[in-house]
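First up is the structure itself, then whatever we jot down about it.
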Amino acid sequence: MPSSDRELLERSARGDRAAFGEFVERHSANVFRYLRWLASDPNDAEDLLQQTFVAAWGAAGEARVDTGARNWLLAIARRNASKLLARRGATREREQSLEELGELAGFGDAEHTPEQMARAAEERSLVEQALAALAPQEREILVLRELEGLDGATTAELLGLSLAAQKSRLHRARLSLAAELRQRLRAEVDR
């Protein structure tokens, strides 16, 4: 029977490197995927992954992971990534209004129909490029909700937001992604 995250961390806190290795193996893929989208650079994501697990090793005795360690690890990863992004000044230059985002996303555009856009959207690289072009906060919430499958309450807690603020940020991020996709897809359709 596999050990729980809590058991692995308790053993790790007592110096059991094999238990921590099992813990890292269990969670590293999810944490790396999250960091890959936050950092936008695979080398930075790898560095942040190592920093995350070094911090986890140091805090293994105090970890509260009754429902699993993923949220705890993502919170550590997020803090590390936030520090890196803050040092680099990675912020979006201008925030767009919801109306402007809706227009850019194509609400009411008869020239570029959803069917045309869906055909062009089959190219995964376009979606990845659009997601990578978003502001770090927008990319982060989409990764947590859409790729990691976290619910709204968990995402809000992880990001330090109220549930209402999380919903608002998610809505804005979805519109921003739609706007980015639409711009890229329009170029594909018009070729």
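Brief remarks follow.
- C-alpha long axis of helix 124-133 to longest principal axis of the chain, angle in °: 80
- Sorted largest first, extent of the chain alpha carbons per principal axis (Å): 64, 34, 31
- Farthest toward the positive end of the dipole of the chain, out of L150, L131, L104, is the Cα of L150, where the dipole comes from beta carbon charges about the Cα centre.
- Exposed-loop-free span, longest in the chain, where GluC sites (Glu not before Pro) count as exposed if DSSP calls them loop and at most 16 other C-beta atoms lie within 10 Å: 124-191
- Lys/Arg +1, Asp/Glu -1 at C-beta; the chain dipole; positive extreme among L73, W57, S176: W57
- Computed lengthening from Q50 to E128, 0.36 nm per intervening residue step minus Cα-Cα distance: 25.7 nm
- Relative to the dominant Cα principal axis of the chain, helix 70-88 is inclined by about 60°.
All of the numbers you see were taken from the coordinates with simple rules; none came from a lab. In this text the structure is predicted, and so the values were computed from the model without any measurement. So basically every Cβ, Gly included, is an ideal-geometry build from the backbone, and we count neighbours across all protein chains shown.
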